[in-house]
Amino acid sequence: MLYKQVAELIRAKKIDKFVGVGEALLGHQQYFDIAQQYFYADTATLLQQLKVLNFKDETILIKGSRSFEFEQVSRALAQKAHETVMEINLNSLLNNLNFYKSKLKPGVKVMAMVKAFSYGSGTFEVANMLQYNKVDYLAVAYIDEGVALRQAGINLPIKVLNPEASAFDKLTEYKLEPVIYSFGLLDDFVSYASAQGIAGYPVHLKIDTGMHRLGFENYEIETLCDMLEVNRYVRVQSVFSHLVASESPEHDEFTKKQIRRFEKAFKEIERTLGYKVIKHICNTAGIIRWPSAHYDMVRLGIGLYGIDLVGIRG
Ligand SMILES: *Cc1c(COP(=O)(O)O)cnc(C)c1O
């Protein structure tokens, strides 16, 4: 059913060329009827066949789950491109940082999002500028990104949004702070910490207040608190959630609901822990549109790189 729907969407959107990777797509290629279509069992096979595909003057969307490691494909394709230079003006980035900082009450911290190579701008250079200008926290998507920053001399606290259990050794070796977003991940990290003799390791709890991506839902908070109460392996550094549509006036009621759910969750967690944690829910648009929800910290992402989603909407 899924692949029938995918094929239907591709037909409706008039895609010229389709390349499907993975056993599942390979096994369902009969549903697709695009003039140019290719199916490969895995990413390695696709890479071998890349020349055959003969891409030229085309816009290519590369999309797949983490395990396919499609960054190898984009890298291979990029090598064929003519030399392209993107200049990033660090002074402009600094101006953007200061603009958003000027919207904060004194004492509100800034976590700068440098995931995905700083939204494509070059992680190390941007992180270095941010460190020099004293942001409070950095956040990356994966452990490897944090390791690369440490190796380049960044010593700010670094939060990892999507820490994988297979790399906990690297995480702790490089003093990176994991986001804990599920009971499974909490179990994994606690087992790891107890085996390694680690106690009081700083972690960040993610609450799902409506994004439905990762995080503890409100009905899980009680169980989470029960587990945290008896747990000496972690210390909760912060509790946070992500707003789905902070830039959209038509979704303001939903945003308010998210903020209410967040308050309920962090109050319960703080009461259980018996100490204060850093609370944060605002992304860039939230900084501008939801000043009452800045709490202790804001997470500056796309605004740092000069995109103003609130302004674009007028
Ligand atoms: C990317 C990200 C942000 C930043 O959002 P912007 O809209 O780019 O400011 C904030 N929080 C989390 C959890 C993110 O993953």
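The values are calculated or read from the model by the stated rules, or taken from the named source; none is laboratory data. Just so you know, these numbers come straight off a predicted model, no measurement behind them. Glycine also receives a Cβ, built like all others from the backbone with ideal geometry; neighbour counts cover every protein chain displayed.
How many of the residues in the range 62-87 are outside any helix (DSSP H, G or I) and either at pLDDT 90 or above or basic (Lys, Arg) (or both)? Give the steps one after another, and end with the answer.
Filtering the range 62-87 down to residues outside any helix (DSSP H, G or I) leaves 62-65, 69-70, 80-87.
Okay, now just the ones that are also either at pLDDT 90 or above or basic (Lys, Arg) (or both), so 62-63, 69-70, 80.
So the answer is 5.
Hey, among Gly306, Gly301, Gly215, which residue is crowded, with 16+ Cβ neighbours inside 10 Å and on the phi > 0 side of the Ramachandran plot? Reasoning before the result, please.
Numbers: Gly306 fails: crowded, with 16+ Cβ neighbours inside 10 Å; Gly301 fails: on the phi > 0 side of the Ramachandran plot.
Just a single option satisfies the conditions, and that option is Gly215.
Quick one: would you say Val126 is part of a helix (DSSP H, G or I), within 16 Å of the ligand (Cβ to nearest atom), closer than 17 Å to Gly301 by Cβ and touching a residue at least 12 places away in the same chain (Cβ under 8 Å)? Talk me through it step by step, then tell me what you get.
Numbers: part of a helix (DSSP H, G or I): yes; within 16 Å of the ligand (Cβ to nearest atom): yes; closer than 17 Å to Gly301 by Cβ: yes; touching a residue at least 12 places away in the same chain (Cβ under 8 Å): yes.
When the stated conditions are applied, Val126 passes them.
Since Val126 meets every condition but one in (1) closer than 22 Å to Arg261 by Cα; (2) touching a Ser or Thr at 6+ places or on another chain (Cβ under 9 Å); (3) buried (at least 16 other Cβ atoms within 10 Å of the Cβ); (4) not acidic (Asp, Glu), which condition does it not meet?
So the condition that Val126 fails would be (1).
Out of the residues in the range 290-301 that are more than 8 Å from the ligand (Cβ to nearest atom) and under 22 Å from Ala127 (Cα atoms), state the one that is nearest to the chain's Cα centre (by Cα).
Looking only at the range 290-301, we keep the residues that are more than 8 Å from the ligand (Cβ to nearest atom), and these are 290-298.
Filter once more, keeping what is under 22 Å from Ala127 (Cα atoms): 296-298.
Values: Asp296: 20, Met297: 17, Val298: 15 Å.
Once the filter is applied, the top-ranked residue is Val298.
Identify, please: which residue in the range 110-123 is part of a loop (DSSP other than H, G, I, E, B) and farther than 24 Å from Ile278 by Cα and is, among those, farthest from the ligand (Cβ to nearest atom)?
Keep residues of the range 110-123 that are part of a loop (DSSP other than H, G, I, E, B), which gives 114, 121-122.
Those left that are additionally farther than 24 Å from Ile278 by Cα: 121-122.
Working: Ser121: 13, Gly122: 17 Å.
Filtering the range 110-123 for residues that are part of a loop (DSSP other than H, G, I, E, B) and farther than 24 Å from Ile278 by Cα, the one farthest from the ligand (Cβ to nearest atom) comes out as Gly122.
Does the range 29-43 hold any residues that are loosely packed, with under 12 Cβ neighbours inside 10 Å and part of a helix (DSSP H, G or I), and which are they? Don't jump to the end; show me each part of the working.
Initially, the range 29-43 is screened for residues loosely packed, with under 12 Cβ neighbours inside 10 Å, giving 30, 33, 35-36.
Within the range 29-43, just Gln30 meets the criteria.
If you check Glu23, Glu8, which single one turns out to be more than 22 Å from Asp57 (Cα to Cα) and within 29 Å of the chain's Cα centre (by Cα)? Lay out the reasoning, then the answer.
Working: Glu8 fails: within 29 Å of the chain's Cα centre (by Cα).
Among Glu23, Glu8, only Glu23 is more than 22 Å from Asp57 (Cα to Cα) and within 29 Å of the chain's Cα centre (by Cα).
Taking Arg66 as meeting all but one of (1) without any contact (Cβ under 8 Å) to a residue 12 or more places away in the chain; (2) surrounded by 11 or more Cβ atoms within 10 Å (Cβ to Cβ); (3) over 28 Å from Asp144 (Cα atoms); (4) not assigned by TED's automatic domain parsing to the domain that holds Val135, write down the number of the exception.
(3)
Please state which of the following conditions Glu145 fails to meet, knowing it meets all the rest: (1) within 13 Å of the ligand (Cβ to nearest atom); (2) part of a loop (DSSP other than H, G, I, E, B).
All conditions pass for Glu145, except number (2).
Give Leu300, Leu214, Leu243, Leu224 a once-over and let me know the one that is modelled with pLDDT under 95 and not charged (D, E, K, R).
After ruling out the rest, the residue left standing is Leu214.
Could you pull out the residue among Ala35, Ala44, Ala78, Ala12 that is without any contact (Cβ under 8 Å) to a residue 24 or more places away in the chain and touching an Asp or Glu at 6+ places or on another chain (Cβ under 9 Å)? First the steps, then the outcome.
Values: Ala44 fails: touching an Asp or Glu at 6+ places or on another chain (Cβ under 9 Å); Ala78 fails: touching an Asp or Glu at 6+ places or on another chain (Cβ under 9 Å); Ala12 fails: touching an Asp or Glu at 6+ places or on another chain (Cβ under 9 Å).
Every option except Ala35 fails the conditions.
Determine which single condition Arg260 fails, assuming it passes every other condition in (1) within 14 Å of the ligand (Cβ to nearest atom); (2) more than 21 Å from the chain's Cα centre (by Cα).
Looking at each condition in turn, Arg260 falls short on (1).
Within the range 177-199, is there a residue that is touching an Asp or Glu at 6+ places or on another chain (Cβ under 6 Å) and buried (at least 21 other Cβ atoms within 10 Å of the Cβ)?
Applying the first criterion (touching an Asp or Glu at 6+ places or on another chain (Cβ under 6 Å)) to the range 177-199 yields none.
The answer is no; no qualifying residue exists.
Within the range 278-308, count every residue that is touching an Asp or Glu at 6+ places or on another chain (Cβ under 6 Å) and either not assigned by TED's automatic domain parsing to the domain that holds Val244 or not in a strand (DSSP E or B) (or both). Steps first, please.
Of all residues in the range 278-308, those touching an Asp or Glu at 6+ places or on another chain (Cβ under 6 Å) come to 278-279, 285.
The next check asks that each one be either not assigned by TED's automatic domain parsing to the domain that holds Val244 or not in a strand (DSSP E or B) (or both); those that pass are 285.
The total comes to 1.
Conditions tested, residue by residue: (1) in contact with a Leu (Cβ under 8 Å, 6 or more places away or on another chain); (2) farther than 30 Å from Ser121 by Cβ; (3) surrounded by 15 or more Cβ atoms within 10 Å (Cβ to Cβ).
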position	(1), (2), (3)
Ile10	no, yes, yes
Gly27	no, yes, no
Gln48	no, yes, no
Asp57	no, no, no
Ser92	no, no, no
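Determine if the range 274-289 includes at least one residue that is of a type outside the set (Ser, Thr, Tyr), more than 15 Å from the ligand (Cβ to nearest atom) and free of Cβ contacts under 8 Å to residues at least 24 places away in the same chain.
Here is the first cut: in the range 274-289, the ones of a type outside the set (Ser, Thr, Tyr) are 274, 276-283, 285-289.
If we keep only those that are more than 15 Å from the ligand (Cβ to nearest atom) as well, we get 274, 276-277.
Retained after the next criterion (residues that are free of Cβ contacts under 8 Å to residues at least 24 places away in the same chain): 274, 276.
Checked the range 274-289: at least one residue is of a type outside the set (Ser, Thr, Tyr), more than 15 Å from the ligand (Cβ to nearest atom) and free of Cβ contacts under 8 Å to residues at least 24 places away in the same chain.
So which residues in the range 1-27 are assigned to a helix (DSSP H, G or I) and of a type in the set (Phe, Trp, Tyr)? If you could, list the steps in order and put the result at the bottom.
Of the range 1-27, the ones assigned to a helix (DSSP H, G or I) are 2-12, 23-27.
Matches in the range 1-27: Tyr3 only.
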